[in-house]
Amino acid sequence: MWLVGIHGGAGTTTLAAAGVGEDGGRRWPKQPPAAETRQSPAGEDLPIGGLLLVVRETAAGLKVATKAAEAVQRGQIPDWLQVLGMVVVAAGPGRPARLVRERTALVGGWMPEVWRVPWVPELLALDTHQVRDCKPFQAAIPTSLYELQELRRK
C-alpha cells in the first residue's frame with residue numbers, strides 16, 4: 001500500500017516508518033512489474049496499487065487536497081492505482097480551526113474513507129528510524145490503517 005503526500009511535510013515518511021505503508025513521496029508510484037497482479041471484477045489482471053493520500057491538517061494542505069480529490073474523481077490518476085482514502089495528520093495539539101474542519105469535511109466527502117492521526121508530541125524528539133518504537137504514536141494511528149496494510153499484503 002502506498003502513502004502519497006498531497007504536499008511536502010504531509011507525514012508520509014513518518015507513517016511509513018510506523019509500518020502503515022510504503023512512502024511514495026509526493027508522486028504517483030511507478031507501476032509494479034506485470035508479475036504483481038490481481039484479478040479485477042472485469043476478469044482483467046491489474047497490478048496491485050492500493051494508495052492512501054496523506055495531508056497535514058492545515059488550511060493550505062487541505063486546499064491542495066481539494067485539487068487532489070478532484071483529480072481522483074475525474075479519473076486523472078494512473079488506472080492501476082486504487083485510492084483507498086485519505087489520512088489527515090494533525091498539525092498541532094488541540095482542535096483545528098473551523099476552516100480546516102470544513103475543508104476536511106468537503107474533501108473527505110470525495111474520498112472512500114478518511115482517517116485522522118492526532119498530534120503526538122513525542123515524535124518531535126525522535127529520528128525517523130525511532131518512530132516504529134514510539135508507543136504513543138503507534139497507539140494514535142487508527143487500527144484500521146494497520147489492518148488495511150495487512151489486507152493489501154495478502
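The values are calculated or read from the model by the stated rules, or taken from the named source; none is laboratory data. In this text, all values refer to a predicted model and were calculated from it rather than measured experimentally. Counting neighbours? That spans all protein chains shown, and the Cβs are built from the backbone with ideal geometry, glycine included.
Worth pointing out:
- Only residues that are in a helix (DSSP H, G or I), exposed (fewer than 13 other Cβ atoms within 10 Å of the Cβ) and not basic (Lys, Arg) were counted across segment 95-113, and they come to 2.
- The set of residues from segment 121-130 being of a type in the set (A, V, I, L, M) and either closer than 12 Å to Gly11 by Cα or in contact with a strand residue (DSSP E or B) (Cβ under 8 Å, 6 or more places away or on another chain) (or both) comprises just one member, Leu123.
- Residue that is modelled with the lowest pLDDT [pool: residues in segment 11-27 that are assigned to a loop (DSSP other than H, G, I, E, B) and of a type in the set (D, E, K, R)]: Arg27
- Among the residues of segment 28-55, the one identified as part of a strand (DSSP E or B), at pLDDT 55 or above and in contact with a Pro (Cβ under 9 Å, 6 or more places away or on another chain) is Leu51.
- Set side by side, the residues Ala97, Ala105, Ala140 differ, and just one is closer than 23 Å to Thr58 by Cα, aliphatic (A, V, I, L, M) and touching a strand residue (DSSP E or B) at 6+ places or on another chain (Cβ under 7 Å), which is Ala140.
- Conditions (1) under 17 Å from Leu3 (Cα atoms); (2) in a loop (DSSP other than H, G, I, E, B): number failed by Leu145: (2)
- Residues (under 15 Å from Ala90 (Cα atoms) and more than 14 Å from the chain's Cα centre (by Cα)) located in segment 105-117: Ala105
- Which listed residue is of a type in the set (Gly, Ala, Ser) and part of a strand (DSSP E or B), from Gly92, Gly75, Gly85: Gly85
- So Trp80, is it closer than 20 Å to Leu15 by Cβ and either at pLDDT 95 or above or assigned to a loop (DSSP other than H, G, I, E, B) (or both): no
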